[in-house]
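Visitor: Questions regarding the structure given below will be posed in turn.
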Amino acid sequence: MALRFLARKFLQGASPRQLQAISSRSFSSKRMIDVGQPTPATHPELLNEGEITPGITAEEYISRRNRLLDLLPDKGLAIIAAAPVKMMTDVVPYTFRQDADYSYITGCQQTGGIAVLGRECGLCMFMPEATPHDVLWQGHVAGVDVALEIFKADSAYPMSRLPKILSEMIRQSSRLFHNVNTAVSAYTNLEAYQLAARNGKVNNLSACTHELRWTKSSAELKLMRESASIACQALLQTMMHSKVCPHEAMLSAKFEYECRMRGAQRMAFNPVVGGGNNGSVIHYSRNDQKIADGNLLLMDVGCELHGYVSDLTRTWPPCGSFSPSQEELYDLLLQTNKECIKLCKPGTTIQEIHKYSVEMLCKGFKEIGLLKDDQSILHSYHQLNPTSIGHYLGMDVHDCSTVNYDRPLKPGVVITIEPGVYIPYNLDCPEWYQGIGIRIEDEVLITDAGYEVLTGSMPKEVKHIVALLNDCNIAAHAGVWNGVRDVSI
């Protein structure tokens, strides 16, 4: 009776448009076709008409295929397999993540497929054949019809026909290119493929796909901005939560929760949540300790939004105040971060920025007594920071690994700038520095005018961090920084 009364009151206050929507949805008999991943029909809140994946249209996918064909030699053939399912136990799989190259070319977010691209065949997709048992246990998957209608393949066949059809394609090709990381026996065991391999006609496709993925389109940059924004908002909430909950595991969970509530599908990588000496472990992943009062907390985190990842790091004292030695080191890293960001512009390279960061940090470390001015200074420096100043970012965290760091940057490339220092307790240095790990990482988009800091909304100035952690009106401060983005003039 109470529920009926509440329903009546709700309907009495509803507008004609709301009543119409309620009526149409309550009695809708339209059946949505499940193709194994979101489509505009099944997920209109995620995809607009004409999009294969959220934010990326069919036209853009077709353009990617054509640009990849332009990089292949005459009669060259590209073979790209989907990522395999990886098992946590004998019957429990890890959450599936598609291989970036396969996703970039096809838009298919499902396992079991093989895509072939050539000038003669266009995009040909070989699709898995699901049995009723598979559908019952795993759900619907994309088949031949979906490859043609949704992914806009030029031709598509069930996987059972791959040996005959692909073997003939390989025999007619001049050279093969394939994704080495996802190569599967379904095609590598073919006699035609093995003959091509013996004749030295098989190459790694990554050099081509990474070249295409290195520079982002406007649609890709929109997704990367959104991914960075989600990560910044989530980390801001986590930072404010750290004073009352200084536990690595709980802060890791807090960040993931805040990201997922804002639409992220997964973490970009296992969060690094290192308190005290754990912050000096560059890829610390245990996240199982309580953070001692007075220690710093380093959080290196990121999320993935519709195939595009974010990556940022902040370091702060959950107790609300930096010690003098912590602040001295932090300020050196912060100035290095800001000066290196200023160098980000078309024509410069990550290698050049890295060299500048080493010079700046070596000078600073010598001034505060962390380094001695002798012939082994570079060796000593690498004990404090063995990492590069940054890396490319996109569909993978360390994106486009075949593109060297000596390549001149150009508009549309996204990199990270992440100076750091990692001082274990057993290092021979002043004891007040021992056990400190600090990294300050931002995402930077190279633009025609210079740069845009995609993570500029996340505070990194000491005064802002201290205010966040100590001001009783924290929410008001959070509103000041949300939405701020650093752009060069």
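The values are calculated or read from the model by the stated rules, or taken from the named source; none is laboratory data. Quantities reported herein were computed from a predicted structural model and do not represent experimental measurements. Every residue, glycine among them, receives a Cβ derived from its backbone with ideal geometry; neighbour counts consider all protein chains shown. These area figures cover heavy atoms from the full protein model, side chains too; ligands, DNA and RNA do not enter into them. Shrake-Rupley method; radii C 1.70, N 1.55, O 1.52, S 1.80 Å.
Visitor: Measure off, as a whole percent, the carbon and sulfur share of the 1.4 Å-probe accessible area of segment 271-313, all protein chains present. Before the final figure, lay out the partial values.
Guide: Working: 570 of 1350 Å².
About 42 percent, which is the carbon plus sulfur part of the accessible surface.
Visitor: Where Lys and Arg each count +1 and Asp and Glu each count -1, what net charge lies around E418 among other residues with Cβ under 12 Å from its Cβ? Mind showing how you got there, number by number?
Guide: Working: positive: R314, R439, K460; negative: D300, D311, E441, D442, E443.
Net charge in that neighbourhood comes out at -2.
Visitor: With axes computed from alpha carbons, what is the tilt in degrees of helix 2-12 against the longest principal axis of the chain, rounded to the nearest 10 within 0 to 90?
Guide: 80 degrees
Visitor: Once you order the gyration tensor axes a ≥ b ≥ c over the Cα atoms, which shape class does segment 248-393 get: rounded for a/c under 1.5, otherwise prolate or oblate by comparing a/b with b/c?
Guide: Taking the square roots of the gyration eigenvalues as a ≥ b ≥ c, segment 248-393 is oblate.
Visitor: Per residue, how large is the accessible surface of the chain? Use a 1.4 angstrom probe and give square angstrom.
Guide: 48 Å²
Visitor: Hey, can you rank 113-122, 334-343, 57-66 by average C-beta count inside 10 Å, highest first? Before the final figure, lay out the partial values.
Guide: Working: 113-122: 20.3, 334-343: 18.4, 57-66: 16.5.
Taking the mean over residues of other Cβ atoms within 10 Å, the ranking is 113-122, 334-343, 57-66.
Visitor: While we're looking at this one, here's another question. Using Cα positions and a limit of under 17 Å, work out the lysines in reach of K243, with same-chain residues fewer than 8 apart set aside.
Guide: K254, K290, K460, K463
Visitor: Which of the aspartates and glutamates could be linked to K164 by a straight reach, that is with a Cα gap under 13 Å, when you skip same-chain ones fewer than 8 residues away?
Guide: Partners found: E191.
Visitor: So for segment 351-442, what percent of the C-alpha to C-alpha distances run longer than 16 Å?
Guide: On the way: 2465 of 4186 pairs.
Cα-Cα pairs of segment 351-442 separated by over 16 Å account for 59 percent.
Visitor: Classify segment 55-95 as rounded, prolate or oblate, taking a ≥ b ≥ c as the square roots of the eigenvalues of its Cα gyration tensor: rounded when a/c is under 1.5, otherwise prolate if a/b is larger than b/c and oblate if not.
Guide: Values: a/c = 6.33, a/b = 1.97, b/c = 3.20.
Verdict is oblate for segment 55-95.
Visitor: Quickly estimate the mean residue ellipticity at 222 nm for the chain, helices only: each DSSP H run with n ≥ 4 gives -39500 (n - 2.57), and the total goes over all residues, rounded to 500.
Guide: Helix-only estimate at 222 nm: -11500 deg cm²/dmol.
Visitor: Hey, could you pull the Cα Rg and Dmax for segment 336-383, both in Å?
Guide: Just the Cα atoms of segment 336-383 yield Rg and Dmax of 12.1, 36 Å.
Visitor: Working from the alpha-carbon coordinates of segment 150-245, get Rg over Rh, Rh being the Kirkwood radius.
Guide: Rg/Rh for segment 150-245 comes to 1.24.
Visitor: Between 0 and 90 degrees, rounded to the nearest ten: what's the tilt of helix 16-26 against the longest Cα principal axis of the chain?
Guide: 60 degrees
Visitor: Give me the Å³ per residue figure for the convex hull around the C-alpha atoms of segment 78-227.
Guide: 141 Å³
Visitor: Let me ask something else. Obtain the radius of gyration and the Kirkwood radius of segment 204-314 from its C-alpha atoms and give Rg over Rh.
Guide: Reported Rg/Rh, Kirkwood definition of Rh: 1.06.
Visitor: Accessible area, 1.4 Å probe, largest first: how do K410, K254, K363 sort? Spell out each step's value before the answer.
Guide: On the way: K410 85, K254 50, K363 120 Å².
So, going from the largest accessible area down, we get K363, K410, K254.
Visitor: Net charge near M239, counting Lys/Arg +1 and Asp/Glu -1 over other residues with Cβ under 12 Å of its Cβ?
Guide: +3
Visitor: May I ask for the angle, rounded to the nearest 10°, between helix 248-261 and the longest principal axis of the chain, with both axes built from Cα atoms and the value confined to 0 to 90°?
Guide: In the chain, helix 248-261 runs at an angle near 50 degrees to the longest axis.
Visitor: Let me ask another. Could you work out the pair-distance distribution P(r) of the chain from its alpha-carbon pairs, with 10 angstrom bin width and percents rounded to whole numbers?
Guide: Distribution as computed: 4, 17, 24, 22, 18, 11, 4, 1, 0 percent.
Visitor: Return the distance in nm (one decimal) between the two label points of a simple spin-label model at Y257 and I62, each offset 7 Å from Cα along Cα→Cβ.
Guide: Output for this residue pair reads 4.6 nm.
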